[in-house]
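Down below is the structure, laid out as structure tokens.
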Amino acid sequence: MPCTVLAGGFWGDEGKGKVISYLALRDKTDFCVRTGSVNAAHTIWYEGKRYALHMVPGGFVNDKCRLLVAPGANVHVGQFLKEVDETNAKNRIGVDSQASIIEEKHSTQDKTNAHLKGLGTTGWGVGPAIEERVRRTAKLARDVPELKPYLTDVASEVNSALTRLKNVLLEGTQGLLLSVFHGTYPYVTGRDTSASAICSEAGVGPTKVDDVILVLKSFMTRVGTGPLPGEISKDEAIKRGWFETASGTGRDRRAAPFDFELAKRSVMIDGATQVALTKLDCVFPECRKARTFEEIPRDAQQFVGKIEKETGIPVTLIGTGPDALDIVDRRK
Ligand code: IMP
Ligand code: MG
């Protein structure tokens, strides 16, 4: 399966970072392409260290992996350079010359523009930066001297890699329900977050994709405003072990039980072929650190079975703890 798209199925924070790092190591990913922008933080635990990556692709954990930032992405130069340093990625990361740049003024606009009031944005300025891109006045990566050493043509690199049967992973950000097209508008982010949009941002055509892995968390969370079906109180979330704070902004995440109808809809729109189910150990603590399906208690197995029955696709990866390798891999 040379070309895999990885997308979030709820409101982001499904644990995509962990799944990406596992795939990059286990499947020996050759190219990992980051889409989206700096508002998303992908948390990765690797060799005892925690990374919250806003710009660098999660595939960095595999030091043979070429790291690319898509032409459709929106680059925060300061954050990019900081993370390149942190992940020691200088010699193997590239940024598409046409990626647009998110600037300080966009962050200010995010916090002061009246039409964005009440949406609970992350404050990075992604919406205003995209508005500027659509107006065709945006600064692009090729206009930034500090990015010069990294400039590349991502679509050419990736499509050529695919003809050579290299393993390519297209890394989506956020989740389908935050999509400006398919999400809970207007409580959404400024871009489409679907699997198709991930391909479009990277410059990979739909016929090239072999697998779409939809990442779903075993319960749902949402930061910012907007509907969250089945929402429980913060106290209840703490009691159940579902209380989280956002790795990017530090805000409390609202929580709710897993919703099968929403999962089905995301599988449909993303054309998903597999589900990666994360944090099963937060709903069924006896699962913690399990590496085989047999080690998982009966009620948790039934929950997984129900997801498969409702969505019609297999749950191939199951997260049972924070470490990249705390995963049940049922693919073979
Ligand atoms: P914006 O993307 O900063 O414009 O924020 C719009 C909405 O998307 C807000 O509710 C944010 O909390 C949410 N959002 C943006 N990025 C992420 C993310 O990476 N994870 C979870 N929610 C996000
Ligand atoms: Mg996140």
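The values are calculated or read from the model by the stated rules, or taken from the named source; none is laboratory data. Nothing here was measured: the structure is a model prediction, and the numbers come from that model. We place every Cβ from the backbone using ideal geometry, glycine too, and count neighbours over all the protein chains shown.
Which is more than 20 Å from residue 179 (Cα to Cα) and either of a type outside the set (Asp, Glu) or more than 16 Å from ligand 1 (Cβ to nearest atom) (or both), of 241, 224?
Details: 224 fails: more than 20 Å from residue 179 (Cα to Cα).
None of the others qualify; the one that does is 241.
For the condition crowded, with 18+ Cβ neighbours inside 10 Å and either of a type in the set (A, V, I, L, M) or over 15 Å from residue 226 (Cα atoms) (or both), what is the one hit in 175, 183, 125?
Values: 175 fails: either of a type in the set (A, V, I, L, M) or over 15 Å from residue 226 (Cα atoms) (or both); 183 fails: either of a type in the set (A, V, I, L, M) or over 15 Å from residue 226 (Cα atoms) (or both).
It is 125.
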> So, in region 41-58, of the ones that are modelled with pLDDT of 95 or more and not in a strand (DSSP E or B), which residue ends up nearest to ligand 2 (Cβ to nearest atom)?
Replying inline: 54
> For region 168-199, which residues satisfy the criterion of being more than 16 Å from ligand 2 (Cβ to nearest atom), farther than 24 Å from residue 3 by Cα and of a type in the set (Val, Ile, Thr)?
Replying inline: 180, 184
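Of these, 119, 81, 53, which one is buried (at least 22 other Cβ atoms within 10 Å of the Cβ) and either farther than 20 Å from residue 16 by Cα or free of Cβ contacts under 8 Å to residues at least 40 places away in the same chain (or both)?
53
From the list 270, 281, exactly one residue is over 27 Å from residue 210 (Cα atoms) and crowded, with 19+ Cβ neighbours inside 10 Å. Which is it? Spell out the reasoning first.
Working: 270 fails: over 27 Å from residue 210 (Cα atoms).
Answer to the check: 281.
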> What tally of residues in region 87-108 results from selecting those that are touching a Phe, Trp or Tyr at 6+ places or on another chain (Cβ under 7 Å), outside any loop (DSSP other than H, G, I, E, B) and either of a type in the set (A, V, I, L, M) or surrounded by fewer than 18 Cβ atoms within 10 Å (Cβ to Cβ) (or both)?
Replying inline: 2
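If you go through region 291-329 one residue at a time, how many are charged (D, E, K, R) and under 15 Å from residue 214 (Cα atoms)? Walk me through it before giving the result.
As a first pass, look at region 291-329 and keep what is charged (D, E, K, R): 291, 294-295, 298-299, 306, 308-310, 323, 326, 329.
With the extra rule that they be under 15 Å from residue 214 (Cα atoms), the set shrinks to 308, 310, 329.
Looking only at that region, the number is 3.
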> Out of all the residues in region 135-175, which are among the charged types (D, E, K, R), free of Cβ contacts under 8 Å to residues at least 12 places away in the same chain and part of a helix (DSSP H, G or I)?
Replying inline: 135, 148
>> Can you pull out every residue in region 186-200 that is of a type in the set (A, V, I, L, M, F, W, C) and either surrounded by fewer than 20 Cβ atoms within 10 Å (Cβ to Cβ) or under 15 Å from residue 71 (Cβ atoms) (or both)?
In response: 197, 198, 199
>> So in region 161-172, with the set limited to residues that are surrounded by 24 or more Cβ atoms within 10 Å (Cβ to Cβ) and under 12 Å from residue 68 (Cβ atoms), which one is farthest from ligand 1 (Cβ to nearest atom)?
In response: 168
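Has region 10-31 got at least one residue that is basic (Lys, Arg), within 14 Å of ligand 1 (Cβ to nearest atom) and touching a helix residue (DSSP H, G or I) at 6+ places or on another chain (Cβ under 8 Å)?
Keep residues of region 10-31 that are basic (Lys, Arg), which gives 16, 18, 26, 28.
Those left that are additionally within 14 Å of ligand 1 (Cβ to nearest atom): 16.
Okay, now just the ones that are also touching a helix residue (DSSP H, G or I) at 6+ places or on another chain (Cβ under 8 Å), so 16.
Checked against the condition, which is being basic (Lys, Arg), within 14 Å of ligand 1 (Cβ to nearest atom) and touching a helix residue (DSSP H, G or I) at 6+ places or on another chain (Cβ under 8 Å), region 10-31 yields at least one hit.
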> Does any residue in region 301-323 that is within 13 Å of residue 281 (Cα to Cα) come within less than 6 Å, Cβ to Cβ, of a residue that is surrounded by 15 or more Cβ atoms within 10 Å (Cβ to Cβ) and among the hydroxyl-bearing types (Ser, Thr, Tyr) six or more places away or on a different chain, and which pairs are these?
Replying inline: 319/278
> Quick check, is residue 247 over 19 Å from residue 39 (Cβ atoms) and among the small types (Gly, Ala, Ser)?
Replying inline: no
